[in-house]
Amino acid sequence: KFWADATYRLAVRAAQAKKNELADELARQLVSAGCEARIMSHALYLVGQMAAASEQWPEVILAMERLVTEYPDSSLRIPAEYWRAESHYRESQYDEAGKLFAQLQRMTHGRTDAWLAMVPLRRAQVFAQQSDWAQALEIAQDIKKQFPNFRQQHEVDYLVGRALASRAEFDEARAAYERVIRSPTGGRTETAAMAQWMIGETHFLQKKYGEAIKAYHRVEGLYAFPQWQSAALLQAGKCHEMLGQWKEAMSLYTQIIQDFQKSEYFDEASRRLQVAEQRSEITAGRKRNQK
């Protein structure tokens, strides 16, 4: 009669020891055996957790939906609802994710558990994915008031920056991006690299090419994220093109080709290098003729 309880405890210990395959196997044994409700709900949740750890989002949805449907009074109902919504979000099923996160926010109204700040953040991110920047901004700006100690506030500030930039409020957008960069928890993350890159983009859109070049070079120099480093070098090269500085553009495109051969910007850098070389030769020829 103690088999189910013992098996669940072993599954939990395996999960804590990062032995995810063993934890999943034991939890699934419990689900297959049809044990008592208390243990069954916890077993389903553990199956979902192990699936989430390996990013098997459809499996997470199945486990969490069964928990929510069959054990609606379980103490795990709220976190299961979260993981169900999160899985749809990770699968880019934004309409469904948005509905589930909105429902979860209503269910948890008034609660201030730290992790629940993820719910409005995800809602705002869903609206951003749907290009509804007004709704995204409205939700994002309320998060700090309700959850002042949210460890992922830098994600919120980045979203605020994107929303403000969409309205061409570039000074305000840069202020939001600066908060990301200065964040004690987010200042060295990929989000910070993205924020620094977006500072460059705001200057680029305002045709402030000198300022944009400085911002892009900070991405390349301060953050070890090849995707954003190569993107920044490419954009900086475009700025030099706009200023007629062909040799400087050539140097940056060459750097991408040499240092970021796996970058998605490799081909564009190669094409732009050829054009920049031609324009540089033409410019040099004109100068020689003028002499």
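Okay, here's what the table says:
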quantity	calculated
Option label - volume of the Cα convex hull per residue in Å³ computed here, alternatives (1) 126; (2) 153; (3) 166	(2)
Accessible area in the full protein assembly, largest first, 1.4 Å probe, for Tyr71, Tyr177	Tyr71, Tyr177
Exceeding the 26 Å Cα-Cα cut-off - candidates Lys18/Lys99; Lys144/Lys214; Lys214/Lys262; Lys19/Lys144; Lys207/Lys262	Lys18/Lys99; Lys144/Lys214; Lys19/Lys144; Lys207/Lys262
Overall form of the stretch 195-261 per C-alpha gyration tensor (a/c, 1.5; a/b vs b/c)	oblate
The stretch 1-100: chymotrypsin sites (Phe, Trp or Tyr not before Pro) falling in loop per DSSP and having at most 13 other Cβ within 10 Å	Phe2
Solvent-accessible ranking of Lys214, Lys145, largest area first, probe 1.4 Å	Lys145, Lys214
Prolate/oblate/rounded label for the stretch 125-226 (Cα gyration tensor, a/c 1.5)	oblate
Largest-first ordering by accessible area, 1.4 Å probe, given options His217, His240	His217, His240
Net +/- balance of residues flanking Ala134 in space, Cβ distance below 14 Å, scoring K and R +1, D and E -1	-1
Translational D in µm²/s for the stretch 24-131 (Stokes-Einstein at 10 °C, 1.306 mPa s, Kirkwood Rh from C-alpha pairs)	112
Stokes-Einstein D in µm²/s, Kirkwood radius over Cα pairs - the stretch 166-291 at 4 °C with 1.567 mPa s viscosity	85
Accessible surface of Met40 - all protein chains present, 1.4 Å probe, nearest 10 Å²	10
Mean ellipticity per residue at 222 nm, deg cm²/dmol - from DSSP H runs of n ≥ 4 across the chain, formula -39500 (n - 2.57)	-25500 deg cm²/dmol
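The values are calculated or read from the model by the stated rules, or taken from the named source; none is laboratory data. Everything quoted here is computed from the prediction, not taken from an experiment. Cβ atoms come from the backbone with ideal geometry, glycine included; neighbour counts cover every protein chain shown. What goes into the accessible areas is simple: the full protein's heavy atoms, side chains included, and nothing from ligands, DNA or RNA. Shrake-Rupley method; radii C 1.70, N 1.55, O 1.52, S 1.80 Å.
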